[in-house]
Every structure is written in structure tokens, then in C-alpha cells.
Amino acid sequence: MKPARIARHWPVAVPLAAAALLVAAVLLPPHPVLSFVLGAALVAAVLAAVHHAEVVAHKLGEPLGTLVLALAVTVIEVALILAMMLSGGPASAVLARDTVYAAVMIICNGVVGFSILVGGIHHHEQSFRVEGAGPALAALVALSTLTLVLPSFTTSAPGGAYLPSQLVFVGVDSLALWGVFVFVQTVRHRDYFLPPGTNADAESHLPPPSAAAAMTSAALLLVSLVAVVGLAKALSPTIEALVKATGAPDSVVGIAIAMLVLLPETLAALRAAAANRLQTSMNLALGSALASIGLTIPAVVTASLLFGLPVVLGLDPKNLVLLALTFVVGAITLASGRTSIMQGAVHLVVFATFLFLSLVP
């Protein structure tokens, strides 16, 4: 009975406890024990935020459901990036680039690869709608090129950076293209993002939560996001110190942020794939990758202009090659609308290469 009660009440208790610990972090002096507790609270608050986003998403249905989850995850990612940029030094200039690049690689190779592999193990072959996945990948390629590739080749500013005017242009472009994608996904071509077949959604029999439950989850989602923002800002010096102490490259900070934020969403995508709902997994993955660029870059550009923060977006040659390989493999995977474990294995090999070369550049 006791575990059942805990399972029932943790989504309410965690956001409130995280908010209380945030107040403690402001009032109390830094201490290793406090940092450990704040770190645990940060992870729990992320999980609680995604849980409440899923409740709201279930009330709204597909594809609005995956959009809400993607937005919640992206807000957390933006909050973590901005908190560490504002409290960091010159090294934080590449934090947005490293985090967005890591998010794209984790989603397009890790999340997609594991989802296809799990789905293939359970169901041999799975299908999804190319009409939605294809344009989503095209938008992702365009956004990634504008934000992560092109700065390495422009000549107006050195070192993979954009001029302020170029930053504004790219930020507006990113937001506009993401907005068009959301319009297509939710209004104009909503059917492109629904599972193929009338009985494809294994959870369609589950009743949606009541309006009161959805409103409660929306309020607790807001509390969780505020707690994540504050806890991330309080812990950012500790995270950077730990990375330096281990001798890992600075880019590992961005990978850590992306993995922390995307972990709950990855679990949701894997559950969907195991339940033979690969369409939901694809919606989660591609939607989150697009939101990661389409919302993060405009927020970073705004912070850079308001607070005079340096921002470097251009990737080095090694990462440019891995990004290009990711999109070539992704285009081949999405071409047929059907998947097997082979495609999953290919994506996971690219993902493992990305992780290894991040630690051993």
C-alpha cells in the first residue's frame, strides 16, 4: 500500500519539494551535501515536469500531445542553457551550440535508433507516415544548417560566430520555420502525424483525464519548470567544476544538459515503440529536435543581444561530418515509412561514435 501511495502522490510532492529546495538554495551557503540534494531535486523536477506534460498531452490527444511534451522539454533545455550562460564566463559562448548539437545527435541517432530497435525486436517491422516525417526532417536539416553549419563558413565574423544582425536573422528564421511546422502538424495537415491505420493507437481506449486533473497538471507543470530554472542556475557552477575536474572537454557540459533534459522523453518514445506506436516515437523525436533549434536559438539570440553575451554557433569539421552523416542516414531511414532493427543499429552506431569522439576528440 505504501509504494502505491508514493506512486500516486509523487507528481504533486516533487514540484512542491523542488520549489522549497530552491528557496533553501537561495538562503543557505553552498555546501557539497546541499549540491547533491539540489541535483537530485533537479532530476526529479524534470521527471515531474514531463509527467504533467504527458497528462496535459493525453487530454489534448495526438498530435497536440507530443507537441506539448516537446515544448515542455525545450523550455527546460532553454532554461538550463540561459542559466549557465548568464552565470558562466567566456567558455559559455559555445554552450548553446554544444547543447543544441548534442540534442540533435541524441534525438536523431539515440532516440530514433533505440525506438526502432525496440520496436523491431517486439514487432519485427513497424510503419509510420512519411508525409509527416519527411517534411519534419527537411525542416530540421534546414534549421541545423542555418544555425550550426553556416556560421563556420561566413566571413563577417571570425571563429564560427555570427554578427548581431546575422544572429537576429537566423533567430527569426528559426522561429518562423518552427511556427510553420507547428501549424502544419496541428492544423493544416494534422492527419500526417496520426498513426497509420484506425487501430494503430494502442492507448486510444484509455479515457482522457478530467478537465480538473488537466488543469492541476498544467499548474504543477509551471511550478516544475520554475524549479528547474532556479535549480539549474544554482547548480551551474558545480556542474562546470565537475567537468573540469574530470578533464573532460567543455562540450561534455552541453551533452550532459541535453541528456538530462531528453531522458524522460526518450523513455516515452521507447514505451510507444514497444507498444507498436512508432508514429508517436517519430513525432516525439522530430518535434523535439525542431523545437530544440526553433525555440532555443531565438532565446539565446535574445539573451545575447540583451546582456551582451558572446555566442559561437559554428561546428568544427569533425562534428560537421557527423551531422551530415546523421542526416544522410535519417533520410534513408525515413524514405520508406517502414523500419526494422537494421535501421536502428545504424543509427545507434552513429550515436556511439558521437559519444566516443566527444570524450576523445
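Values in this text are rule-based calculations from the coordinates and carry no lab data. This is a predicted model, so every value here is computed, not measured. Because the Cβ atoms are built from the backbone with ideal geometry, glycine has one as well, and the counts that use them run over all protein chains shown.
Contact order, relative form, for the chain: 39 percent (alpha carbon pairs under 8 Å, 6 or more residues apart, mean separation divided by residue count).
Across the options Leu334, Pro29, Gln279, the greatest Cα extent toward the positive end of the charge dipole of the chain (unit charges at beta carbon of Lys, Arg, Asp, Glu) belongs to Pro29.
For the stretch 2-359, build the charge dipole from Cβ charges (+1 Lys, Arg; -1 Asp, Glu) around the Cα centre, then report which of Phe114, Val301, Pro11 sits farthest towards its positive end. Result: Pro11, furthest along the dipole toward the positive end.
Centre-to-centre separation between the Cα atoms of the stretch 31-53 and those of the stretch 339-354: 31 Å. Counting 0.36 nm for each residue step from Val328 to Ala218 and taking away their Cα separation leaves a gain of 35.8 nm.
For the stretch 347-357, putting each phi into the Karplus relation 6.51 cos²θ - 1.76 cosθ + 1.60 with θ = phi - 60° gives couplings of 4, 6, 5, 5, 5, 4, 5, 4, 5, 5, 6 Hz, in residue order, rounded to whole numbers and with x for Gly and Pro. Label-to-label distance for Leu267 and His9 is 2.1 nm, based on points extended 7 Å past Cα in the beta-carbon direction.
Across the stretch 13-147, Cα pairs under 8 Å and at least six residues apart give a relative contact order of 13 percent. By the gyration tensor of its Cα atoms, with a ≥ b ≥ c the square roots of the eigenvalues, what is the shape of the chain: rounded for a/c under 1.5, prolate for a/b over b/c, or oblate? Oblate.
Its Cα centre serving as origin, the chain has a Cβ charge dipole (Lys and Arg +1, Asp and Glu -1) of approximately 480 debye.
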